[in-house]
Amino acid sequence: MPRIYSDGVKCDAVALVNCGLSQKQVCKDLGVSKSALRMWVKDDRFRALGFTLTTDVEERREMMAAMQRICELEMENEVLRCAAAYLS
């Protein structure tokens, strides 16, 4: 039977991961499963990018694809910025 965690525990766990602790260590310290923590971290990243959370599997796949594309475009922009600075 799945455990129900409070929003405070979820926020604390995500904050620890964002501060640089490994997910493995956070799971061990807080006693949460790896899959639950991984989902909380993904949900936090979705919220940070302005996505609304959903439980629909197909929509989550589309959101992941969009998030990956956003990261690719940000990297491309950074490379172009560096190249423009170098050439000028």
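About its Cα centre, the chain has a charge dipole of approximately 380 debye under the convention of +1 per Lys or Arg Cβ and -1 per Asp or Glu Cβ, with nothing else charged. Within the accessible area of the chain, what % is carbon and sulfur when the probe is 1.4 Å and the other protein chains stay in place? Whole-percent figure for carbon plus sulfur exposure: 58. In this structure, Leu80 and Asp43 have a Cβ-Cβ separation that, at R0 = 35 Å, corresponds to a calculated FRET efficiency of about 0.70.
Which shape class, rounded, prolate or oblate, goes with the stretch 1-57 when its Cα gyration tensor gives a ≥ b ≥ c as root eigenvalues, a/c under 1.5 marks rounded, and past that a/b bigger than b/c marks prolate? Cα axes put the stretch 1-57 in the oblate bin.
A 1.4 Å probe over all protein chains sorts Cys19, Cys11 by accessible area into Cys19, Cys11, starting with the largest.
Computed 3J(HN,Hα) for the stretch 18-25, one whole-Hz value per residue from the Karplus formula 6.51 cos²θ - 1.76 cosθ + 1.60 where θ = phi - 60°, is 5, 7, x, 6, 6, 5, 4, 5, glycine and proline marked x. Most mobile of Met64, Met39, Met75 per a Gaussian network model of the chain (Cα springs, under 10 Å)? Largest GNM mean-square fluctuation: Met75.
Which length gain, in nm to one decimal place, applies between Ala65 and Arg3 when the Cα-Cα distance is subtracted from 0.36 nm times their residue separation? Walk me through the intermediate numbers first.
Working: separation 62, 0.36 × 62 = 22.32 nm, distance 2.91 nm.
Answer, rounded to one decimal: 19.4 nm.
Using alpha-carbon pairs under 8 Å, 6+ residues apart, how would you state the relative contact order of the chain in percent? Relative contact order here is 17 percent.
Per residue, the chain exposes an accessible area of 78 Å² to a 1.4 Å probe, with every protein chain left in place.
Helical runs (DSSP H, four residues minimum) scored at -39500 (n - 2.57) apiece and divided by the length of the chain put the mean residue ellipticity at 222 nm at -25000 deg cm²/dmol.
The values are calculated or read from the model by the stated rules, or taken from the named source; none is laboratory data. Quantities reported herein were computed from a predicted structural model and do not represent experimental measurements. A quick note on method: Cβ atoms are made from the backbone with ideal geometry, for glycine too, and the neighbour counts reach across all protein chains shown. With ligands, DNA and RNA removed, areas are computed over all heavy atoms of the protein, side chains included. Shrake-Rupley method; radii C 1.70, N 1.55, O 1.52, S 1.80 Å.
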